[in-house]
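Scroll down for the structure; my scribbles are underneath it.
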Amino acid sequence: MRIPASVLLLLTALPLRITAQVPASAANVRITEVNYHPHDLTAAELASPNAPVDPDGFEFIEIRNLTANLVTLENCVITGGIDIVTFDATAELDPNESAVLVRDTLAFQLRYGTGPQILYDYNGKGKLSDGGEPLALFAANGALIQSFTYNDAGGWPSRADGFGTTLEAIDLNGDFNNPDNWRSSREYGGSPGAVGTGPLVTVVINEVLNHSDPPLKDFIELRNMTGTAINIGNWILTDDLIGSNITRYRIPAATILPANGFLTFDTDDFLLFDSLNPLGLSEYGEALYLLEATATKPLAFVDDVKFEATDVNVSQGRVINSVGNKDFVILSSITQSAANSGALIGPLAITEIMYNPGTNELEFVELLNISNATVPLWDATSPATNRYWRLGEAVSYQFTTGDQLLAGEYALVCQTNPPVFRARYDIPAHVKIFGPYSGSLSNGGETLRLWRPGTYDLVVLGNTTVQVEKVEYDDISPWPLEADGLGPALEREIASAYANDPANWSAYNSLGSPGGPRQLDSDADGLPDNLEYALFRTLATNNFPTSDRDADGLRDLDEYALGTPLTSPGVPLEIQIGPQPAGGVQLSFPTIPAAGPGYYGLTRTYTVEAALDLPAGSWTNQTGMITLTASGAEIGLPIALPVTNGVFRVRALVE
């Protein structure tokens, strides 16, 4: 039979449902995106007759079909800040479709167009709370499909709180009450009706100088992380995401960022774009955003960083740790238009964290001066508000006038009174213990920071507080699990390596090692790592076993055993023989206790040996001169006459 063409057209225009329809359940649908605090209206939106009275008109909740079946939401219910919503028979989701509930259909379509299917308009039935609240989706039979409580604090993505993005779920089979299972949308304003692209590493904010004095200028460096040149013309750099302020600096049209290359924009560029209100980088630290944009509107967030306060003419930059996490930290040197130099480490390092000590044990944080000089923990030249070093965020402790750490010295900051802590762990008297700090270290992981007073700036007549260390420890892998209540503390493997990296932490000493290091020798040169870091700031075998770094004729290993300086040439240990009042002669030499970096838990002993002459045929121990413990005092040993041996030597042992 022939079918008229007009009928054919009519038939092909009809929607065809070729998949089975199933009711919504926990097996096939999820709430996947929430726009609870939409960004401000743009100038173009304000000029529209469909503009809502406030940004809340752009609210939406996205529901996604996870299957290849047609899913009906008929008689399903959503509860939360909005009044109870019950879907009717028209609420259907095609296979893998995402659709939305909206607060104002006209407003929603003004911003997002008519593409996304609108399942329900809840205008007049309340609004989503800007501060967070529960949301729940129930099946037609009353079974719970999904429930969670979003928030604008407590680790929830902050940019979704009115700053241009939405909440996007990450793992649709994960814990929706866990803020780590949500992210800020990459798309500006979100991606209702579609799956968000998620974070892409294409162009990054690589380095920032935010506290400059002439002749240097504040700058922002961008880096292309791909092998293809990218047109970044009209993109936006901003420190403000509110309303029209978002366009703080627009990159000139047709600007090309070369493949794997760098581009820098400085104070002069910012002034050229807006001489009255140019983009200015706060010396006290702030957030900075890079947005892909057209000449008229933002499209997507490309990168964002939060930088801290710094000293004058010290830059901050992007650092990636062993598990791929990004930090933005103070760099060891300015590296404009080149790969970053790496994080600045020291002069103090957080070397041990007992965050979950278990029953009857005590929390503590251990610090080490990894520099070659004494570090005062206060600065008399600074204003009183920024005068002292302090631990913060996870716990709070401020050092005071007179506190200091000598080169290579360890110190402890504890939660309880220092005398109690010293007695509980039998800490030697020479180890400084500060405390008590306020608060407690979370057993579930959190961020611990160490701050110091910044250098006084004669331009602004003040100073800032500068971050020295940050450790975002956790109780889950890849952080060592043994530190989570099983006895050991988190112990830093290499004090001069980056702190905020789980690969640099271990946990296998029962009760930790408060007040001193473990005696690791990771480069197998015979010298403990912490001694090498205190003296050389690096591990360097230097032709082990014959290395003599100070070229004084004694091997480093010999000087380590004797206790003489490895970095100062000269006569290391002088043995003297002279007469004694009672007759005979006396052999004397100074002793050096085993203390400081490389000697924790160790004792130095001396044994005097004698031989008839050189070259010695054999050495024998002198009676009464065996295993003499180093006390710091000079040892004088009588030798009866007649002297039968002509040569004496002192053997030192550290164990």
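Name every residue in region 107-121 that is buried (at least 20 other Cβ atoms within 10 Å of the Cβ) and in a loop (DSSP other than H, G, I, E, B), in order of residue number. Correct list: P116 only.
For region 209-228, the criterion of being of a type in the set (A, V, I, L, M, F, W, C), in a loop (DSSP other than H, G, I, E, B) and exposed (fewer than 14 other Cβ atoms within 10 Å of the Cβ) is met by none of the residues. Close Cβ contacts (under 8 Å, 6 or more residues apart or on different chains) running from residues in region 46-58 that are open to solvent by less than 60 Å² (accessible area, probe 1.4 Å) to residues that are part of a loop (DSSP other than H, G, I, E, B) and basic (K, R) comprise D56/R103; D56/K127; G57/R103; F58/R103. Quick one: is A309 farther than 28 Å from P55 by Cβ and surrounded by 20 or more Cβ atoms within 10 Å (Cβ to Cβ)? So A309 passes the test. Taken over region 361-373, the criterion of being crowded, with 22+ Cβ neighbours inside 10 Å and out of contact with any helix residue (DSSP H, G or I) (no Cβ under 9 Å at 6 or more places or on another chain) is satisfied by E363, V365, E366, L367. Give me the pairs: first residue in region 90-119 and free of Cβ contacts under 8 Å to residues at least 60 places away in the same chain and under 27 Å from V53 (Cβ atoms), second residue hydroxyl-bearing (S, T, Y) and crowded, with 19+ Cβ neighbours inside 10 Å, beta-carbon distance under 7 Å, and six or more apart or on different chains, which are they? Sorted first by the residue in region 90-119, then by its partner, the pairs are L101/Y120; L101/Y122; R103/Y122.
A quick yes/no check of all residues on (1) open to solvent by 10 Å² or more (accessible area, probe 1.4 Å); (2) in contact with a strand residue (DSSP E or B) (Cβ under 6 Å, 6 or more places away or on another chain); (3) without any contact (Cβ under 8 Å) to a residue 12 or more places away in the chain:
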{"site": "D474", "(1), (2), (3)": "yes, no, no"}
{"site": "W479", "(1), (2), (3)": "yes, no, no"}
{"site": "E482", "(1), (2), (3)": "yes, no, no"}
{"site": "A489", "(1), (2), (3)": "no, yes, no"}
{"site": "G512", "(1), (2), (3)": "yes, yes, no"}
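Condition check ((1) in contact with a Cys (Cβ under 8 Å, 6 or more places away or on another chain); (2) surrounded by 22 or more Cβ atoms within 10 Å (Cβ to Cβ); (3) under 19 Å from A497 (Cα atoms)) across all residues:
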residue: E286; (1), (2), (3): no, no, no
residue: L291; (1), (2), (3): no, yes, no
residue: A295; (1), (2), (3): no, no, no
residue: I320; (1), (2), (3): no, no, yes
residue: S332; (1), (2), (3): no, no, yes
residue: T359; (1), (2), (3): no, no, no
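Just one of (1) surrounded by 19 or more Cβ atoms within 10 Å (Cβ to Cβ); (2) at pLDDT 95 or above fails for L299. It is (1).
Scan region 192-200 and tell me whether some residue there is closer than 30 Å to G261 by Cβ, under 23 Å from the mean Cα position of the chain (by Cα) and open to solvent by 40 Å² or more (accessible area, probe 1.4 Å). Checked against the condition, which is being closer than 30 Å to G261 by Cβ, under 23 Å from the mean Cα position of the chain (by Cα) and open to solvent by 40 Å² or more (accessible area, probe 1.4 Å), region 192-200 yields at least one hit.
Here I236, I251 are screened, and the one residue that is free of Cβ contacts under 8 Å to residues at least 24 places away in the same chain and open to solvent by less than 40 Å² (accessible area, probe 1.4 Å) is I251. Of the residues making up region 83-96, at least one is modelled with pLDDT under 95, more than 17 Å from L172 (Cβ to Cβ), crowded, with 17+ Cβ neighbours inside 10 Å and not basic (K, R). Between F421, F399, the distinction of being surrounded by 20 or more Cβ atoms within 10 Å (Cβ to Cβ) and either modelled with pLDDT under 95 or closer than 12 Å to E363 by Cα (or both) belongs to F421 only.
The values are calculated or read from the model by the stated rules, or taken from the named source; none is laboratory data. Remember, it's a predicted structure, so these values are computed and weren't measured experimentally. Quick reminder, even Gly has a Cβ in these numbers, built from the backbone with ideal geometry, and neighbours come from all protein chains shown. Accessible surface areas use protein heavy atoms only, side chains included; no ligands, DNA or RNA. Shrake-Rupley method; radii C 1.70, N 1.55, O 1.52, S 1.80 Å.
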